[in-house]
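Q: The structure is given below, and queries will be raised subsequently.
What follows draws every value from the coordinates through simple rules; no lab data is involved. None of these values were measured; they are calculated from a predicted model. Note: ideal-geometry Cβ built from the backbone for every residue, glycine included; neighbour counts use all protein chains shown.
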Amino acid sequence: MKAPVCRVCAITGVLCPSCSEKYRRGVLTDLDIEVAKHMFELEPRYQGLKDLEMVKSYQVKTRGGRDAVLVIVRHPSRLDPLFLQSLSKQLSNRLKRPARVVQESKDMRRLVSQIINPARVISVSTVWLPDGSIEYDVIVGRRDSNRMFLSLESVKSVLYEIVGQRVRFTFI
Ligand SMILES: [Zn+2]
């Protein structure tokens, strides 16, 4: 498994010069270290973690306002949703707050779906703004608006950090 922090640093909590530098620049956070530590510890139990890269972790809020953690991972092949679910559950237990592991994807629909599940995405479209920038418009069923894993604010801000574009939600 790869992570933004080395294995030894994550497990011991003592940062090597390279990890210290990342930490100082703010590209490596306490949350990243905490999540990486648990994932490295879980690695012997999960075959799927071997070729996986933990990209980044985000502090988010659930729909009910509880602190939660969203973890973005990268993998050369499409990860089984059941594997991601099981890993999320193990991480939640260890972090003592809801956690969800999501596979990075260029497919916006797949990315958003993983984040808001069990709410479902009806469609995603790209909107060109007059200033030349783009925005994504995600359509979700009205009844699914209260089934999203995270608060709408968290979903929007985390998506902005991941894809670098604004994402708006329309409930129909
Ligand atoms: Zn290190």
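Q: Using amide H atoms built 1.01 Å from N in the peptide plane, name the residues 5+ places from LEU52, or on other chains, whose amide H lies under 5 Å from its own.
A: Long-range HN contacts for LEU52: LYS2.
Q: In the chain, how many lysine pairs have Cα atoms under 21 Å apart, counting only pairs 8 or more places apart or on different chains?
A: 21
Q: Let me ask something else. R0 = 22 Å: FRET efficiency of ASN146 with ILE122, Cβ-based, nearest 0.05?
A: Values: r = 16 Å, r/R0 = 0.72.
It comes to 0.90.
Q: Can you give the local net charge around VAL60? Use residues other than it whose beta-carbon is closer than 13 angstrom to its beta-carbon, Lys and Arg +1, Asp and Glu -1. Numbers along the way, then the final one.
A: Values: positive: LYS56, LYS61, ARG63, ARG66, ARG97, ARG100, LYS156; negative: ASP67, GLU153, GLU161.
Overall, the nearby charge balance is +4.
Q: Quick check: from the Cα gyration tensor, does the stretch 1-104 come out rounded (a/c under 1.5), prolate or oblate?
A: Values: a/c = 1.71, a/b = 1.21, b/c = 1.41.
Since a/c reaches 1.5 but b/c is at least a/b, the shape of the stretch 1-104 is classed as oblate.
Q: Go ahead and run the numbers for FRET between PHE171 and GLU41, Cβ-Cβ distance against an R0 of 41 Å, rounding to 0.05. Could the numbers behind the result be given before it?
A: Details: r = 40 Å, r/R0 = 0.96.
Efficiency for this residue pair is about 0.55.
Q: Taking the Cα-to-Cβ direction at LYS96 and at ILE134 and moving 7 Å from each Cα, how far apart do the two end points lie in nm?
A: About 4.3 nm separates the two model spin labels.
Q: Using a simple spin-label model with points 7 Å from Cα along the Cα→Cβ vector, what separation in nm is obtained for VAL8 and LYS106?
A: Label-label distance for VAL8 and LYS106, simple model: 3.7 nm.
Q: What translational diffusion coefficient, in µm²/s and rounded to a whole number, does the Stokes-Einstein relation yield for the stretch 105-172 at 25 °C and a viscosity of 0.890 mPa s, taking the hydrodynamic radius as the Kirkwood radius over Cα pairs? Could you put the intermediate results ahead of the total?
A: Numbers: Rh = 12.0 Å.
Estimated diffusion coefficient is 204 µm²/s.
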